[in-house]
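The values are calculated or read from the model by the stated rules, or taken from the named source; none is laboratory data. Since the model is a prediction, treat every value here as computed from it, not as a measurement. Methodologically, a virtual Cβ is constructed for each residue, glycine included, from the backbone with ideal geometry; neighbour enumeration extends over all protein chains shown.
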Amino acid sequence: MVRRFFAALAAEDKGKIRSLLYQEAVYRDSEGTLFEGAEEIVENFSAIPADILKLHTYEALRIVVFSNGDTMKVKTEDGRIRRFYTKKKSPFRRVRLDFAYNGTLFHGFQRQNDKRTVQGVLENILAHITNGSVALKVAGRTDKGVHALAQTAHFDTSSPMAPDKMFTILQRMAPTDIRPLRMEEVPPVFHARYDALAKTYRYTLCHEKDPFSAHQSLYHAPVDKNALQDILSACLGTHDFRGFAKQTPASDPVKTLRAVEIFSEGEKTHIEITGTGFLRHMMRIIVGNALRDLSKRTNLVKEALEEPGRDDTKFMAPAAGLSLKKVHYK
């Protein structure tokens, strides 16, 4: 489909170009100029470079490399182009880092002055490895006490060191509460946050007083998994989730949840929710309200979905039980 689009560009076939674009398609050129909507893109198709050197795929992205070294990423859906962006050739290489961490002793992910954070620790180590400043761009920040089984970030560097060597050194230098999982060079247009298609969060309940799980789970009486599944299944689909945000969200409160899974592992129950996006504290309030509904026979989850503008009491589950399980790029 991408090849057909560039063939239509070369032939200046506006009808074909239009047919391969979503009506709401967006294009940003290498100078940062934004073209919004299929009609505007078609009328300015000459702004799109066409001298393709290479076309390949990374995760769900189609990557186009032009003869002048510029790079484009193309996001498609149902056989048409929804978004595409061109980036000028850069002297920097982009490196992706996947890693896990125990958030107990961190003041959240985001760098803060005079406080130990995941970003601060990793950036300091990577700056030492690359002999230059490093700014990590992460798929999603986590709050104090929240963990990650698999987090994703990227950074740009002028270091000639191979990523596998960087990875080996990082493994050796990382503290015991951060575990590097993989590192690789990626196309310069890949973005850990904006190219994520979905995320899966896990909330863990522990049904016995286990001191070794105290900072990775919520101590809670055994639950009826089927009843909890019924309560949480109401969140599936596309909804306005303002009712599950601690404060009025600055971003679009409409999110889509794709899956809810509840399963046992020994004396623990895991609640896993996958969605295209989450508001801050959304996962913890969904779980907290659902547990309240289960124990007190209230209808907090259903009511928050039906009337998201209401500012009723919200029961936020503690941070310790929450982990980012996976960031999905396919």
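Check region 144-163 and report whether any residue there is outside the structural domain of LYS246 (by TED's automatic domain parsing), modelled with pLDDT of 95 or more and of a type in the set (Phe, Trp, Tyr). The answer is yes, given that some residue of region 144-163 is outside the structural domain of LYS246 (by TED's automatic domain parsing), modelled with pLDDT of 95 or more and of a type in the set (Phe, Trp, Tyr).
The residues listed here are LYS199, LYS209, LYS165; of these, the one that is within 23 Å of the chain's Cα centre (by Cα) and of a type outside the set (S, T, N, Q) is LYS199. Just one of (1) touching a residue at least 60 places away in the same chain (Cβ under 8 Å); (2) part of a loop (DSSP other than H, G, I, E, B) fails for GLN151. It is (2). Scanning region 131-139 turns up no residue that is within 20 Å of ARG4 (Cβ to Cβ) and touching a helix residue (DSSP H, G or I) at 6+ places or on another chain (Cβ under 6 Å).
Taking helices (runs of 4 or more DSSP H) as the structural unit, those lying wholly within region 1-99 and holding at least 2 residues that are among the hydrophobic types (A, V, I, L, M, F, W, C) and free of Cβ contacts under 8 Å to residues at least 60 places away in the same chain correspond to 2-11, 38-43. For the residues ALA139, ALA135, ALA127, the requirement of being in the same structural domain as ASP98 (by TED's automatic domain parsing) and under 17 Å from GLY103 (Cα atoms) singles out ALA139.
The sole residue among VAL260, VAL327, VAL301, VAL287 that is buried (at least 17 other Cβ atoms within 10 Å of the Cβ) and under 16 Å from the mean Cα position of the chain (by Cα) is VAL327.
Every condition in (1) under 29 Å from TYR203 (Cα atoms); (2) hydrophobic (A, V, I, L, M, F, W, C); (3) within 19 Å of the chain's Cα centre (by Cα) holds for VAL74 except the one numbered (1). Restrict the check to region 270-277 and report whether at least one residue is more than 20 Å from the chain's Cα centre (by Cα) and outside the structural domain of LEU149 (by TED's automatic domain parsing). Yes, region 270-277 has at least one match.
Do we find that ARG141 is among the charged types (D, E, K, R) and not in a strand (DSSP E or B) in this structure?
yes
Scan region 311-330 for residues that are under 19 Å from ILE231 (Cα atoms) and basic (Lys, Arg) and the total you get is 1. Filtering region 180-211 to residues that are farther than 21 Å from THR157 by Cβ and touching a residue at least 60 places away in the same chain (Cβ under 8 Å) leaves ALA196, LEU197, ALA198, LYS199, THR200, TYR201, ARG202, TYR203, THR204, LEU205, CYS206, HIS207.
TYR201 meets all of the listed conditions (1) within 19 Å of THR142 (Cβ to Cβ); (2) in a loop (DSSP other than H, G, I, E, B); (3) in contact with a Lys or Arg (Cβ under 7 Å, 6 or more places away or on another chain) but one, namely (2). Residues in region 212-223: is at least one in the same structural domain as MET316 (by TED's automatic domain parsing), part of a loop (DSSP other than H, G, I, E, B), without any contact (Cβ under 8 Å) to a residue 12 or more places away in the chain and under 30 Å from SER264 (Cα atoms)? Checked against the condition, which is being in the same structural domain as MET316 (by TED's automatic domain parsing), part of a loop (DSSP other than H, G, I, E, B), without any contact (Cβ under 8 Å) to a residue 12 or more places away in the chain and under 30 Å from SER264 (Cα atoms), region 212-223 yields at least one hit.
Condition check ((1) within 30 Å of ASP70 (Cβ to Cβ); (2) touching a Phe, Trp or Tyr at 6+ places or on another chain (Cβ under 7 Å)) across all residues:
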site: LEU181; (1), (2): no, yes
site: VAL186; (1), (2): yes, yes
site: HIS191; (1), (2): yes, no
site: LEU197; (1), (2): yes, yes
site: PHE212; (1), (2): no, no
site: TYR219; (1), (2): no, no
